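Trainee: Here you go, one structure.
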Amino acid sequence: MAKLNADYARAIDDDRLEDWPGFFAEPCLYTITSADNHRQGMPAGLMYADSRGMLQDRVAALREANIYERQTYRHLIGLPAILDEKGTSVRTETPFLVVRIMRDGRMDLFATGRYLDVLVEEAGALRFRERVVVCDGGRIDTLLALPL
Amino acid sequence: MSSSEARAWPDATLTRVPYWLYQDEANYRAELRRIFEGPTWSFVCLEADLPRAGDFRTTFVGEMPVIVVRAEDGGIRAFENRCAHRGALISLDDQGSAKHFQCVYHAWTYDLEGTLTGIAFEKGSNGRGGMPAEFSKAAHSPRKLRTATLHGLVFASLCADAPPLETYLGDEILGRVARVLRRPIRVLGRFVQVLPNNWKLYVENVKDTYHASLLHAFFGTFRITRLTQGGGVLVSPDGGHHASYTIDRADDRASTAYRDQGIRSERQDYRLADPRLLESVNELGDDIRLQILTVFPGFVLQQIQNCLAVRQVLPKGPDSMELHWTYFGFADDTPEMHARRLRQLNLVGPAGYVSMEDGCVGGFVRRGAAAAPDEVSVVNMGGAGTESMETRATEASVRGFWKAYRRYMGQ
């Protein structure tokens, strides 16, 4: 579990976004929401993917289509709490903190929150069946380009 | 920036816009007074946000904090979120349900109409202190706003001189609102995007039909909107409101105009791994695939295929603003339509495939023009007028914005 999260963070922070969809099972759910929306049962996400293909499309759009100033993230991912184990899947909640570093060197605390994950074993490795990114706040500074 | 020097537009044309308009502190304060608190209507929430009596939301009209609440008679009221006593916020919640409102500072109480009804220790204690006997609670209430609803949208105006909302919008814009909002709304989510630029740069961007397929490569590549497609822009007679639209037309698919001009946004080789993102259903029964509608000063209603949202533009000083997104579908959506909307919402919002650039481009203008208050931008595409046009290769609706702006500002 710790290895999965560490590899996940390094893939994004080291700009190996092409590796990011590989952390997910197929089918999967990846979405980014806020604590307020989550509490109220609001289903919409800032990003929303219910297939690995949609994750690949997100990466392709960031590489080929979308315009945003050069930036990187630094993820700090906390310890996962195991909420439930059912057969081959595990439900966990893991806190995170993301600093965004802009091209001029400016660093901002960009997002904090928790990952609500459902993990499954696929081909001998743990994968995310679901990763619901619940940001503590619902405010995004300027834009959200890279995945959290 | 110093505001003591007299600021003026270069001349009578709407095709040159000086940059001090986005920078000047005094001008910004005048905008709050003359536009947001003036004879205009501001979107404040959806009726679906307030299903029952006592349900409320807090928001802003310009920088004025406002409580919007469903009253006992089923109507919607709005009043300033400012205690009549010492000016503290009356409500500290984004939303909720209340029988009355009570300020936390000294427990002054307001009914759902925003009328002051109770003062703690009004008669004093043990016969001493308290308010003067002649003090009139009714005469000391926070400012009340007029409200009007339109197809599930709630607007408010602080100004008695604002024309009725329908008159304010005009028949063409009313028709374009009605086209989208025909069924009861279900809210799907809310997000706030903090933009590092003056509010007008965002409003101009939304009205700017010229940029959409140039800045947003995602649009052009997948032919969601291209200037070579059918469509056009409606501009209200006063210039302030607009609706731009794209009509799907088969003959555009062979057009090479983007490629011939070497425009970045056309990429023939770009294909989705999961094309369900763009699988849309013609739910409104016409050929319009995309419609972006604005109401002066700061409301946007957006239909991009089956992706629906309203956006509220809130000024936060000359150099900052907030964009409040409310994503929605309809209460009677099928499970398939619901899932389709969730997928298509990837197109919009702070991380939207066709909107993330709008989050940063206003900041690019602010930074680019930082030292150029007396230089001007060029708003000349499609001529100098503000008439509706059957093309989107025009900046008519941006000029329309400035036409309305100058009238309200007396500039």
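The values are calculated or read from the model by the stated rules, or taken from the named source; none is laboratory data. Model, not experiment: these values are computed from the prediction. Glycine gets a Cβ as well: all are built from the backbone with ideal geometry, and neighbour counts include every protein chain shown.
Trainee: In the set B:THR117, B:THR147, which member is more than 30 Å from A:SER34 (Cα to Cα), in contact (Cβ under 8 Å) with a residue 12 or more places away in the chain and β-branched (Val, Ile, Thr)? Before the answer, list the steps.
Mentor: Numbers: B:THR147 fails: more than 30 Å from A:SER34 (Cα to Cα).
On inspection, the qualifying residue turns out to be B:THR117.
Trainee: Looking at this structure, is B:ARG271 surrounded by fewer than 17 Cβ atoms within 10 Å (Cβ to Cβ), at pLDDT below 95, assigned to a helix (DSSP H, G or I) and not small (Gly, Ala, Ser)?
Mentor: Criteria not met by B:ARG271.
Trainee: Take the residues in the stretch B:88-139 that are among the aromatic types (Phe, Trp, Tyr) and on the phi < 0 side of the Ramachandran plot; name whichever of them is surrounded by the fewest Cβ atoms within 10 Å (Cβ to Cβ). Full working, then the answer.
Mentor: Pass one, the stretch B:88-139, residues among the aromatic types (Phe, Trp, Tyr): B:101, B:105, B:108, B:110, B:121, B:135.
Narrowing further to those that are on the phi < 0 side of the Ramachandran plot: B:101, B:105, B:108, B:110, B:135.
Numbers: B:PHE101: 22, B:TYR105: 14, B:TRP108: 23, B:TYR110: 25, B:PHE135: 11.
Of everything passing the filter in the stretch B:88-139, B:PHE135 is surrounded by the fewest Cβ atoms within 10 Å (Cβ to Cβ).
Trainee: Could you list, in sequence order, the residues of the stretch A:32-67 that are surrounded by fewer than 16 Cβ atoms within 10 Å (Cβ to Cβ) and closer than 22 Å to A:THR142 by Cα?
Mentor: A:ALA35, A:ARG63, A:GLU64
Trainee: Show the residue pairs that are 6+ apart or on different chains and have beta-carbon atoms under 7 Å apart, the first residue being within the stretch A:86-114 and small (Gly, Ala, Ser), the second being in a loop (DSSP other than H, G, I, E, B) and surrounded by 13 or more Cβ atoms within 10 Å (Cβ to Cβ).
Mentor: Close Cβ pairs (under 7 Å, with a partner that is in a loop (DSSP other than H, G, I, E, B) and surrounded by 13 or more Cβ atoms within 10 Å (Cβ to Cβ)) amount to A:ALA111/A:LEU148; A:GLY113/A:ASP136.
Trainee: Restricting to the stretch B:8-26, count the residues that are more than 9 Å from B:ASP374 (Cα to Cα) and touching a Phe, Trp or Tyr at 6+ places or on another chain (Cβ under 7 Å).
Mentor: 2
Trainee: Please work out which residue is farthest from the other protein chains (Cβ to nearest Cβ), limiting yourself to the stretch B:274-289 and to residues that are aliphatic (A, V, I, L, M) and assigned to a loop (DSSP other than H, G, I, E, B).
Mentor: Filtering the stretch B:274-289 for residues that are aliphatic (A, V, I, L, M) and assigned to a loop (DSSP other than H, G, I, E, B), the one farthest from the other protein chains (Cβ to nearest Cβ) comes out as B:LEU284.
Trainee: How do the strands (runs of 3 or more DSSP E) wholly within the stretch A:33-148 filter down when requiring 3 or more residues that are closer than 25 Å to B:GLU357 by Cβ: which remain?
Mentor: Output list reads A:71-77, A:89-102, A:107-122, A:139-141.
Trainee: Could you tell me whether B:VAL206 is among the hydrophobic types (A, V, I, L, M, F, W, C), modelled with pLDDT of 75 or more and under 18 Å from B:ILE304 (Cα atoms)?
Mentor: Working: among the hydrophobic types (A, V, I, L, M, F, W, C): yes; modelled with pLDDT of 75 or more: yes; under 18 Å from B:ILE304 (Cα atoms): yes.
Judged against the criteria, B:VAL206 is a match.
Trainee: Working only within the stretch A:37-82, note down all residues that are among the polar types (S, T, N, Q) and at the interface with another protein chain (Cβ under 7 Å from one of its Cβ atoms).
Mentor: So the first thing to find is which residues in the stretch A:37-82 are among the polar types (S, T, N, Q), and the list is A:37, A:40, A:51, A:56, A:66, A:71-72.
A:ASN37, A:SER51, A:GLN56, A:ASN66, listed by residue number.
Trainee: While we're here: Name the one entry in B:GLY363, B:GLY383, B:GLY400 that is modelled with pLDDT of 90 or more and outside any helix (DSSP H, G or I). Don't jump to the end; show me each part of the working.
Mentor: On the way: B:GLY363 fails: outside any helix (DSSP H, G or I); B:GLY400 fails: outside any helix (DSSP H, G or I).
Every option except B:GLY383 fails the conditions.
Trainee: Under the condition of being in a helix (DSSP H, G or I) and surrounded by 24 or more Cβ atoms within 10 Å (Cβ to Cβ), which residue from the stretch B:205-216 is farthest from the other protein chains (Cβ to nearest Cβ)?
Mentor: Selected residue: B:LYS207.
Trainee: Just checking, how many residues over the stretch B:346-356 are in contact (Cβ under 8 Å) with a residue 60 or more places away in the chain and at the interface with another protein chain (Cβ under 8 Å from one of its Cβ atoms)?
Mentor: Of the residues in the stretch B:346-356, 4 are in contact (Cβ under 8 Å) with a residue 60 or more places away in the chain and at the interface with another protein chain (Cβ under 8 Å from one of its Cβ atoms).
Trainee: Whether any residue in the stretch B:24-34 is surrounded by fewer than 16 Cβ atoms within 10 Å (Cβ to Cβ), within 22 Å of the chain's Cα centre (by Cα) and in contact (Cβ under 8 Å) with a residue 24 or more places away in the chain is what I want to check.
Mentor: Checking the stretch B:24-34: at least one residue is surrounded by fewer than 16 Cβ atoms within 10 Å (Cβ to Cβ), within 22 Å of the chain's Cα centre (by Cα) and in contact (Cβ under 8 Å) with a residue 24 or more places away in the chain.
Trainee: Next question. Between A:LEU97, A:LEU83, A:LEU55, which is among the aliphatic types (A, V, I, L, M) and in contact with a helix residue (DSSP H, G or I) (Cβ under 9 Å, 6 or more places away or on another chain)?
Mentor: Just one listed residue meets the conditions, A:LEU55.
Let's see how each residue does on (1) small (Gly, Ala, Ser); (2) away from chain A (no Cβ under 14 Å); (3) over 21 Å from the mean Cα position of the chain (by Cα); (4) within 29 Å of B:GLU63 (Cα to Cα):
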{"position": "B:HIS324", "(1), (2), (3), (4)": "no, no, no, yes"}
{"position": "B:ASP333", "(1), (2), (3), (4)": "no, no, yes, no"}
{"position": "B:MET337", "(1), (2), (3), (4)": "no, no, yes, no"}
{"position": "B:GLN344", "(1), (2), (3), (4)": "no, no, no, no"}
{"position": "B:ASP358", "(1), (2), (3), (4)": "no, no, no, yes"}
{"position": "B:VAL365", "(1), (2), (3), (4)": "no, no, no, yes"}
{"position": "B:ASP374", "(1), (2), (3), (4)": "no, yes, yes, yes"}
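Trainee: Then there is this: Scanning for something aliphatic (A, V, I, L, M) and either touching an Asp or Glu at 6+ places or on another chain (Cβ under 7 Å) or not in a loop (DSSP other than H, G, I, E, B) (or both), does the stretch B:89-103 turn up at least one residue? If you could, list the steps in order and put the result at the bottom.
Mentor: Step one: of the stretch B:89-103, the residues aliphatic (A, V, I, L, M) are B:89-90, B:92, B:98.
Next, only the ones that are either touching an Asp or Glu at 6+ places or on another chain (Cβ under 7 Å) or not in a loop (DSSP other than H, G, I, E, B) (or both) stay: none.
There is no residue in the stretch B:89-103 that is aliphatic (A, V, I, L, M) and either touching an Asp or Glu at 6+ places or on another chain (Cβ under 7 Å) or not in a loop (DSSP other than H, G, I, E, B) (or both).
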